[in-house]
Structures are given as structure tokens and as C-alpha cells.
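Written out below as C-alpha cells is the structure these notes cover.
Laboratory data are not the source of any read-out in this text; all were calculated from the coordinates shown. Keep in mind the model is a prediction, meaning the values are calculated, not measured. Neighbour counts run over all protein chains shown; Cβ positions are idealised from the backbone, glycine included.
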Amino acid sequence: MKTTTVVVIGAGHSGLAMSARLTERSVDHVVLERGEVANSWRSERWDSLRLLTPNCECKLPGWRYDGDDPDGFMAVPEVVAFIDSYAAAINAPVLTGTAVTRVETSSRGYQVTTTGGVWNSEALVLASGAANLASIPSVAAALPVLIDMVTPMTYKSPECLCEGRVLVVGASATGVQLADEIQRSGRPVTIAVGEHVRLPRTYRGRDIFWWMDAAGVLEERHDDVDDLVRARHTPSPQLIGTPELRSIDLNSLAQLGVQIVGRLCSIRDGVAQFSGGLANGCRLADLKMNRLLDRLDTWAQETDTDALGPPCRFEPTSVPSDPTLEIDLRRQEIGTIVWATGYRPDYSWLDVPVLDRKGRIRHDGGVVSDSPGMYVLGGNLLRTRRSSYIAGAEQDTYELADHLHGYLDRHARVKAKAC
Amino acid sequence: MTMTTKPVDNGVNTEALIGAREALSEAPEAAEFTWRASCTWVSGTYSRTKIEGFSGLGQEHRHRQVFTSEADHPECFASEDRGATPVEHVLSALASCLTAGVAAVAQYRQIQLRSVTSTLEGRMNVLGILGADPEVRNGFSAIDVRFDIDADATPDEVEALVAQSQKRSAVFDIVTNPTNVSVSVG
């Protein structure tokens, strides 16, 4: 059995950022990684994917993008290189090819069983990611067997899909990006749209992330939002990172010829049924986008920020006047369903009672309240709205490493007393 | 002169609703409700429905009184028009549900309502229920709801009220999404 002070599980950007924070504080630790550094980026992303955040917004502790395209968006190989070179620069104590099979509590703190032996530690940081598994709704069970199913974790490019119409379920960033590229490949696409978040790529000549950063939107804290459950479940915004800085939304998809239908409710006898509430979903998204733009305009005016284009409002989402409510999956020759219905973390190896009835970790801004010395990183609004994005790890790990350091101090004092 | 701000009061107890949401998230089994209605045929297309009790919060409840509603078909369908048609009851249920939602959301957002009225239209081709055209569905082909709201709020805030009330409405969900219905005899 090996011992260390802190075990960090996962060598993605979050785990590495935490490693850098712990090294800064001279805390002995190890980073356990099932595959290679940035493993999910290497194996679980589609070919054309680029980050939603512009390069200039990609920061990790002591590390930032220094290439010649600050307004561009990294493609997957560039993200891998970015994280890889960060791991090397901070000299992170990563053990690759070491999959965690079980985590339990021990007298010392935590016992972590891996394919490469057992580790004992005082504290534990879960940085294994918020998106390990594709969430597929239970209606999928009723799918006719002739139809192929793919998830964003298995999908690589349109060419890998069979011929025939494709039904993309979900209109988050993933759903609209895949609908866009599959339609462009010549396969007709239907997209099923529930609650979604519409955002323009650029506004008044600046990237939307520039705005949200400058106006403090990304700083909004988990203990400050009105409804945390709702905020954490908000789908990712309809954005795409392209060299042309183009916006993507239901209007742009409709222009390409994508058929837009309501949320997928059920599949009965091979017939997919869609909600008749599409118009409201679109209205909610338009209102929400306009409220954000109002807030950004107010900020620009109050701060007297110049060199901006004039304020404008975008065309409302044009909802088909009579959206399709049913598609016979066999008769309409749907060949493939793409489940862009979200992701969830995999904690099947976590044998500590910290999950709620929905399988989510109960935590307060990353501090796992039910298990002292345990921390979790990543995910929507872990601490702030920025937590959803790579740069969120910079601030989150700064604050959580402080908390962790305090915990280790108290732990050491308790132990000294016990002796 | 002193300015006093009158507190927003739409007659909705949002603190109680928020308290219930928190309590029920901790005790999800208590959140399971069953709503009931019992209907008796009177004659022709005329029937009377009684609404008395429901269950939830782990126990049985009774309404403060037994509510009844009557349904029939109009004279142009060769009936006696002794009550609204069942599909009109659906419109009524949708309107009440959305209206309750508008009031609750407005209270939560501190918007004072002065009047909220709505008119609903459900369009239907009766060839469906007559069995005369298999391509025509039985139910509404579309429902239009038009709200007129007078409130201390901007037009966008009023729009957002109405949008949010649809998002949280049980009847809106029931009419827009499929539901499994099992009907048995005996």
C-alpha cells in the first residue's frame, strides 16, 4: 500500500490545475489517470469539435494560451496539446494507465484501489469529469431495433452514420453542432428541441465570452444564484467555435433545411412523439437571451466601454407554424438517432455515501459536505458560471485548494492531539 | 411627503410554495400525488363528475366541499346542451392552470398584477370523432391561448411570466405531451 497526502483522480485540466495548486502549497499528492493526460479529449470527442470558449479565455493556473490566434477556438488536438504541455510544465505527479476501481473511507482518510495498487490518503479530489457517460432518456428502450443509436461520445463524423434521415435529440451546444454538420453532409436532419439556451457568437463586435467575462456574468456564484438546481441543469448554450465566428441557433439550422420539432416525449409502436410546447421553449430562450443582452448593454453604458458596435437585437426564433408532432421512425426512414441529451459523471467506483437519490454528489461549491476531506471539481456552476468551462478550473482550484489546505491543517492538529 | 411602496400581493403564498419544494426534494415519496374524479352517466351525452378527495404528502385529503361539473354536447350535435363539452372543460383546465401559474410567478418575481384574462380557442375537425376521415385526429389540431395582462411590468417581463407559467404548468404539459392512459372495466 502506498500513502500520500492527497489523491487527485483524473488528469484532465481540472485535476492538473488542482495538482499545480497543491504543488504551490507543498502538499504531497498524486494524480491518478485511467488513460493518458486529457484522456476524454483524446478518445471521447467528435472530429470537428472545437472549444466554445475563445483561446484568450483559456487559462489554467500560471498558464494561458500564447499562440497567434487569441480570438480562435482550439480544435481537439490543440486542446490535448494545451493540457499535455501544461502537465509537463507543472511537472504534475501523474500516474497514467491507473484506473480507480474503488474509493472508500479509511482510518487515515481515504483508500483508493486502482489497477496499479492501493493508495491511502488524507484527502481526495474527484476530478474525473462531469461528462463520463452519455445520458440517454428511458424512451430509447422503445426504439425500433433497425435504427442505429449514437451518442456524442461514440459519434466521430457524419460519414460514420448510415444513410437516411437522422434524428438529433437535444438542442444544447452538442445537439445543434451535430445537427449542423450532419445536415451539411447531405443527410437530412430532424432536431428535437426542449429547453435550450440561445446565445449569439459575437455581440457588438466582441465574442460573447468577452462580454460575459467583462460584465461579470461568469463570476456569478453558486451560493448567489436564485435557483441552483435549475441553474446547474441548464443546457449548454447554442454556440460553436469556428474560424468565421458564426452563430448557430434554430434559425440557422432551419435555413440549412433542418426540420425542427418539439422535445421527444415518447416512442410508441415505432412512432416518435414530440411535445407541442416547442413555441414556448423558443420564446423562453429568446426572452432569456434578450435579458442577457439588456444586461450587457447596461454594463457597457455604465462602464462607458467604447470601441463597441451599436446595440442590436437578433431575429426571434422562427418556429414552424405547425410543428410535426409525430414521426413514424420506420416509414420516414430515420436511419440514426443521435442522443445529444446530456452527460453525467460516472461514480460507480465511489463507495462513500455522498450521492443523493439522483446519483449526484452532494456538495457545497465543490466541498463534499458529507465526507470531510473530499472535494469535487468540474460541472455546471460548481462554484461560478465559469466552472462549466476550462478556465473555471483556475479560480475553483484556487479556492478549493485553500479549503483543502485548511482541512489538512486541522486534521494534522487533531492527529497530534490524539497522539 | 413620504413614499411608501405597497408590497406586491397577488394572493399567492410563495414562501409556502418554496418551503414545500425544499421539503419535498428531501422526501420525494411525499411528492407523489394522485388526483381523482368520478363520473356518472345521466342520460344521452350528459354526465356529471364529482371531485372529492386526492392523496399526497403521504395521506388522503378531502376538498373543503365536493365539487361537481357537468358535461354534455350542444344541440347542433343533437344533444341537449346541459353542460360544456368535455373539450371545453380541457380549455377551462388549461386556462386556469396557466392563470394560476402567472399569478404565482408574478408574486415570486414581485410583479403586481391588476388583471389577467385569457381567451382560448381549440380548433378541431370533427370528421375525426365522427370516424369519417382516418387522416384527421380526434383531438384538437391546435390550441390558441391569448392573455391580456395588466401589471406593473414591462411587456418583456409580462411575456416572461406567461412563458414561465407554461413551463411549469401541469395542464400545459398534459395537453402538449403524450401520457399513458389505461382504461379498464369492472
Practice task
Please give the FRET efficiency for B:A30 paired with A:A140, using the beta carbon to beta carbon distance and R0 = 45 Å, rounded to the nearest 0.05.
Solution key: 0.90
Handout entry: Label-point gap, in nm, between A:D370 and B:T119 - each point 7 angstrom along Cα→Cβ
Key = 5.5 nm
Fill in the blank from the handout: Shape descriptors of segment B:85-177 over alpha-carbon atoms, Rg and Dmax in angstrom, are 15.6, 51
Problem - P(r) of segment A:134-339 over all Cα-Cα pairs, binned every 10 Å from zero, in whole percent - result: 8, 33, 33, 18, 7, 1
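Tell me, what is the FRET efficiency for B:V136 and A:T115 to the nearest 0.05, using R0 = 51 angstrom and their Cβ-Cβ distance as r? The partial results should precede the final answer.
Numbers: r = 62 Å, r/R0 = 1.21.
Efficiency at R0 = 51 Å is approximately 0.25.
How large is the translational diffusion coefficient of the protein assembly as shown in µm² per second when you combine the Kirkwood radius over alpha carbon pairs with Stokes-Einstein at 4 °C and 1.567 mPa s? Before the final figure, lay out the partial values.
Working: Rh = 27.5 Å.
Rounded, D is 47 µm²/s.
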Exercise for the section: Provide the gained length on full extension for the span A:R268 to A:T298, in nm with one decimal, where the gain is 0.36 nm per separating residue minus the Cα-Cα distance. Expected result: 5.9 nm
Completion exercise
In chain B, helical segments from DSSP H whose Cα atoms cover 20 Å or more along their own axis and that average at least 0.0 on the Kyte-Doolittle scale are B:86-108
Practice task
Grab every C-alpha pair in chain B, bin the distances at 10 angstrom width from 0 up to the longest one, and report whole percents.
Solution key: 7, 24, 34, 23, 10, 2, 1, 0
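Return the subset of A:K2/A:K417; A:K358/A:K415; A:K2/A:K156 for which the Cα-Cα distance in this structure is over 29 Å, preserving the input order. If you can, show how the numbers build up before the last one.
Values: A:K2/A:K417 25 Å; A:K358/A:K415 35 Å; A:K2/A:K156 39 Å.
Exceeds cut-off: A:K358/A:K415; A:K2/A:K156.
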Handout entry: segment A:1-27 and segment B:79-112: distance between their alpha carbon centers, rounded to Å
Key = 56 Å
Fill in the blank from the handout: Residue ranges of DSSP H helices in chain A that stretch 15 Å or more (Cα, own long axis) and have mean Kyte-Doolittle hydropathy of at least -0.5 are A:13-24, A:76-89, A:173-184, A:278-302
Exercise for the section: Between the alpha-carbon centers of segment A:52-75 and segment A:277-324, tell me the distance in whole angstrom. Expected result: 26 Å
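Using just the helices of chain A, give the 222 nm mean residue ellipticity in deg cm²/dmol: DSSP H runs with n ≥ 4 each add -39,500 (n - 2.57), and the total is spread over all residues, rounded to 500. It would help to have the intermediate numbers written out before the result.
Working: 9 runs with 114 residues, N = 419.
Rounded to the nearest 500, the figure is -8500 deg cm²/dmol.
For chain B, what is the mean residue ellipticity at 222 nm derived from helices alone (per DSSP H run of n ≥ 4: -39500 (n - 2.57); sum divided by total residues; nearest 500 deg cm²/dmol)? Please report the intermediate quantities before stating the final value.
Working: 4 runs with 56 residues, N = 186.
Counting only the DSSP helices, I get -9500 deg cm²/dmol.
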Handout entry: Highest-MSF residue in chain A out of A:V352, A:V103, A:V145 [GNM, Cα springs under 10 Å]
Key = A:V145
Exercise for the section: Quickly work out the B:F77-to-B:N13 label distance, labels modelled 7 Å from Cα along the C-beta direction, and quote it in nm with one decimal. Expected result: 4.0 nm
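Report relative contact order for segment A:134-339 in percent, whole number only (criteria: Cα-Cα under 8 Å, sequence separation at least 6).
Working: 334 pairs, mean separation 70.1, N = 206.
Value for segment A:134-339: 34 percent.
Could you give the length gained on full extension between B:Q110 and B:T68, defined as 0.36 nm per residue of separation minus the Cα-Cα distance, in nm?
Working: separation 42, 0.36 × 42 = 15.12 nm, distance 3.47 nm.
Contour length minus the Cα-Cα distance gives 11.7 nm.
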